[in-house]
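In what follows, a single structure is set out as structure tokens and then discussed.
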Amino acid sequence: MLMQGFAGFMWLLSVALILFSGFALIDAAVRREDAYRAADKQTKPFWLIILGLAFVVNLIFNILSFLPIIGLIATIVYMVDVRPAIKSLPGGGRAGKGSSSDGPYGPWNGGR
């Protein structure tokens, strides 16, 4: 009975880890590429590769292995450091946010 409870807990922990890394991967994918440079963080492809690997490792390997722990650390770094820095930018770093008249330094008003 105790082993079934432990196995159930580990399964729930594994699912939570997969969902957490999946959310971070999707969040990194919807952010604009220039927002990463503006926040002075690594590039978008770098984070997509790292978070994609973390997601795949969490799907394949057991939670008691060391590889999911490394993936968890990378996901936590993204969620705690990179994501807040990008979200603090105007428009939140999301693609499609902002006006069509926005230039690289803010809104363009046509010289008015």
Exercise for the section: Using θ = phi - 60° and the Karplus relation 6.51 cos²θ - 1.76 cosθ + 1.60, list the HN-Hα couplings for region 69-82 in order, rounded to whole Hz, with x at every Gly or Pro. Expected result: 5, 5, x, 5, 5, 5, 5, 5, 4, 4, 5, 8, 10, 6
Exercise for the section: Please give, to one decimal in nm, the separation of the simple spin-label points placed at residue 42 and residue 80, each 7 Å out from Cα toward the Cβ. Expected result: 1.6 nm
Problem - residue 87 accessible area, 1.4 Å probe, all protein chains in place, Å² to nearest 10 - result: 100 Å²
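Give me the percent of accessible area attributable to carbon and sulfur for region 32-89, probe 1.4 angstrom. Can you show the working numbers first?
On the way: 2370 of 3380 Å².
Here carbon and sulfur together make up 70 percent of the probe-accessible area.
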Exercise for the section: Report the extension gain between residue 94 and residue 53 in nm, rounded to one decimal, defined as 0.36 nm multiplied by the number of residues separating them, less their alpha carbon distance. Expected result: 12.5 nm
Practice task
Please give the per residue accessible area of region 32-89, computed with a probe of 1.4 Å over protein heavy atoms only, in Å².
Solution key: 58 Å²
Handout entry: Under 20 Å from the residue 64 label point (7 Å along Cα→beta-carbon), backbone N, region 13-27
Key = 13-18
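When only the heavy atoms of the protein chains count and the probe is 1.4 Å, how do 57, 82, 77 rank by accessible area, highest first? Show your work: numbers first, answer last.
Values: 57 30, 82 0, 77 65 Å².
Result of the area sort, largest leading: 77, 57, 82.
The values are calculated or read from the model by the stated rules, or taken from the named source; none is laboratory data. Bear in mind that the values here come from a model prediction, so they are computed numbers and not experimental data. Cβ: placed from backbone, ideal geometry, glycine included. Neighbour counts: every protein chain shown. Areas reflect the complete protein model, heavy atoms only, side chains present, ligands, DNA and RNA absent. Shrake-Rupley method; radii C 1.70, N 1.55, O 1.52, S 1.80 Å.
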